[in-house]
Amino acid sequence: MEECKMRLEDKLYLNGYKIDEIGGSHLHIKDPDVCKTCELKQCLYICACKVYELDENTDKIVINYDACVECGTCRIACDNIDWKYPRGGFGIAYKFG
Amino acid sequence: MSNKLRYDVIVVGAGPAGLAAATVLAKSGVKVIVIERGRFPGAKNVMGGVFYTDCMKGIVDEFPGKAPVERHVIEERMWLLDDNSHVGITHKNEMFNKEPHNCYTVFRAKLDKWFAGEAEKAGALIINNTVVLEPIVENNKVIGVKTDRPQGDIYANVVIAADGVNSLLSKSLGLRKELKSKDVAIAAKEVIGLNEDIINERFNVKGSEGVTIEITGSFFPGETMGFIYTNKKSVSLGVGMILEDVINSKMNANDLLESMKQHPSIAPLIAGGQTKEFLVHLIPEGGYKEMPKLVMDGFMVVGDAAMMVNSIHREGSNLAITSGRYAAETYLEAAKINDFSENVLKKYIHKLNNSFVIKDLKKYKNLPDLLQKDKRLLQKYPRLLNQAAFELLTVNGIPKKEKEKMIWKTAKKEIGISNMIKDLIKIWRSVK
């Protein structure tokens, strides 16, 4: 049955985003040093869109803000995330909702 | 100071609560502006979603009229899901075919866009593509909002916060504490496209009749709720997990949604379907106990921003709309005496207290805690029920009396009689 699973990338590809190329990420790590000592690293698995990834080489958290649907989960799950809305008109625009 | 952008009321957020408030205000001739951060009203908005008709009375009469609704619900199923099975109850009623229909399945991106059109027709101004950054406060009174537009400060007698579950606005004013991971559910949903005839056949309905299935049980970690709703040409399949359960189970809502799609009770219903959209949104599930302070000088909080969700009954948008209407009516009363202080705006709370909104939220105020602390309720009982049903329905030469004994033995071992009695009392107390 495993092969029936839909890849997250393919799902996100269906969604309508308007990426803020100029303004950049609306999400930021407040203090990257805190992440280094964070044992749980819940940001890596709580996000249904896998916005947060660990860069194995640098050991830093990378933020794929272009996949973010602005739900707010990470904002509540972690104090070390500076969470803002994307600029007006940017980010997710659902077709169905 | 003279060329300040000024309205009577600023509504932050074009969801059901904000648009209800704006429509009622505009109809009464109030100069109202709705500020929406999305490209259009509904762009950021998600629900299951079942929309109840009754709350639209006095806001948009003769609903649905031309509103974009999907199917009217005539059958509601509830499933307790175990790994390979479910036990369910269902209620289908021809009365649900009578108009006005009790509820419809809807898509919020479409419905909110329509609702915003109604608010505009009534005279409200809707501004899209604009984020409210913070409230403008003077002498502890909210007098406007700062937006991300150039020269984007807007002033008003009253600001209505309809800015949804994350409500950064009410948080920045100190009206509420940060949401706790036990008080929010992360809902992930897929809209799965299917041929209309196939949906009718699979769900045993015709025309625009629809079916909803609410799902909980031991298949899920913690107090997860899943759902399947029929739309005209698609099925909405979703799952809502309490954030604390996500953190503990290390399984996120999308992972769970994917395994739900493989479940033998669910897979045949969506087989051959094409996913059209993937959505994630938070649901405020803290209930009455976690509601923020609703009013301060020049400020009222409505809808999801105020934790107005009755999750056990799958209601939210109707509470939101009703709260938006009450906030608007409170403004109209306050405008008569030109006093927008907390003391006068408190009437909003009285209106809510006397309505189903607070009465229902109060009725279930202990339920979130109970379901959270007592993992038995949504885990062990559903599993036991599935096992018992399977045992009793399997004919294999074992006498029924012996089967009953086996079931009791498992129940006693898994839960214990005294716990069962305690659970019954606790549930009764939580919902009486």
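Descriptive notes on the structure:
- Pairing each residue of segment B:418-429 that is under 17 Å from B:K365 (Cβ atoms) with any residue that is not hydroxyl-bearing (S, T, Y), provided the two are 6+ apart or on different chains, yields C-beta distances under 8 Å for B:K426/B:L370; B:K426/B:D374; B:I427/B:L370; B:I427/B:L377; B:R429/B:N366.
Every residue, every condition in (1) away from every other protein chain (no Cβ under 14 Å); (2) modelled with pLDDT of 95 or more; (3) open to solvent by 70 Å² or more (accessible area, probe 1.4 Å), yes or no:
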site	(1), (2), (3)
B:K92	yes, yes, yes
B:N97	yes, yes, no
B:K113	no, yes, yes
B:G123	yes, yes, no
B:I136	yes, yes, no
B:N139	yes, yes, yes
B:P150	no, no, yes
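- Flag for A:I19 being touching a Cys at 6+ places or on another chain (Cβ under 8 Å) and β-branched (V, I, T): no
- Among (1) touching a Leu at 6+ places or on another chain (Cβ under 9 Å); (2) over 21 Å from B:R39 (Cβ atoms), the one test that B:S172 misses: (1)
- Only helices (runs of 4 or more DSSP H) whose full extent lies in segment B:189-299 are considered here, and the ones with at least 3 residues that are within 14 Å of another protein chain (Cβ to nearest Cβ) and modelled with pLDDT of 95 or more are B:243-249, B:253-261, B:267-270.
- A:G89 vs. criteria over 22 Å from B:I242 (Cα atoms), out of contact with any helix residue (DSSP H, G or I) (no Cβ under 9 Å at 6 or more places or on another chain) and open to solvent by less than 20 Å² (accessible area, probe 1.4 Å): yes
- Residues of segment B:21-49 classified as within 19 Å of B:P284 (Cβ to Cβ), more than 10 Å from chain A (Cβ to nearest Cβ) and open to solvent by 10 Å² or more (accessible area, probe 1.4 Å), total: 1
- Scanning segment A:76-97 for residues that are within 7 Å of chain B (Cβ to nearest Cβ) and either farther than 18 Å from A:K18 by Cβ or among the small types (G, A, S) (or both) returns A:I76, A:A77, A:G88, A:G89, A:A93, A:G97.
- Residue satisfying all of: in segment A:8-37; away from chain B (no Cβ under 11 Å) and of a type in the set (A, V, I, L, M, F, W, C); farthest from B:E277 (Cα to Cα) among these: A:V34
- Within the option set B:A334, B:A388, being farther than 23 Å from B:M307 by Cβ and either among the acidic types (D, E) or crowded, with 20+ Cβ neighbours inside 10 Å (or both) holds for one residue only, B:A334.
- Residues satisfying the stated conditions in segment B:340-372, i.e. at pLDDT 95 or above, among the polar types (S, T, N, Q) and not in a helix (DSSP H, G or I): B:S341, B:N354, B:S355
- B:V132, sole failed condition from (1) within 25 Å of the chain's Cα centre (by Cα); (2) within 10 Å of chain A (Cβ to nearest Cβ); (3) surrounded by fewer than 23 Cβ atoms within 10 Å (Cβ to Cβ): (3)
- Some residue of segment B:73-86 being within 19 Å of the chain's Cα centre (by Cα) and part of a loop (DSSP other than H, G, I, E, B): no
- Filter pass, B:F107 being modelled with pLDDT of 95 or more, buried (at least 19 other Cβ atoms within 10 Å of the Cβ) and of a type in the set (F, W, Y): yes
- Taking the criterion of being more than 30 Å from B:R383 (Cβ to Cβ), among the hydrophobic types (A, V, I, L, M, F, W, C) and more than 24 Å from the chain's Cα centre (by Cα), the residues of segment B:87-127 that qualify are B:M95, B:A122, B:A124, B:L125, B:I127.
- Residue under evaluation A:L40, criteria (1) facing chain B (nearest Cβ under 9 Å); (2) open to solvent by less than 40 Å² (accessible area, probe 1.4 Å); (3) farther than 30 Å from B:T130 by Cβ, criterion not met: (2)
- Residue among B:D163, B:D255 that alone is of a type outside the set (S, T, Y) and surrounded by fewer than 23 Cβ atoms within 10 Å (Cβ to Cβ): B:D255
- Filtered by the rule that a residue be within 10 Å of the chain's Cα centre (by Cα) and either more than 21 Å from B:L282 (Cβ to Cβ) or surrounded by fewer than 17 Cβ atoms within 10 Å (Cβ to Cβ) (or both), segment A:51-62 gives A:E53, A:V62.
- Among the candidates B:K405, B:K422, B:K375, residue that is at pLDDT 90 or above and either open to solvent by 20 Å² or more (accessible area, probe 1.4 Å) or assigned to a helix (DSSP H, G or I) (or both): B:K405
The values are calculated or read from the model by the stated rules, or taken from the named source; none is laboratory data. What you are looking at is a predicted structure, and each value in this text was computed from that prediction instead of being measured. FYI the Cβ positions are ideal-geometry reconstructions off the backbone, even for glycines, and counts take in every protein chain you see. Areas reflect the complete protein model, heavy atoms only, side chains present, ligands, DNA and RNA absent. Shrake-Rupley method; radii C 1.70, N 1.55, O 1.52, S 1.80 Å.
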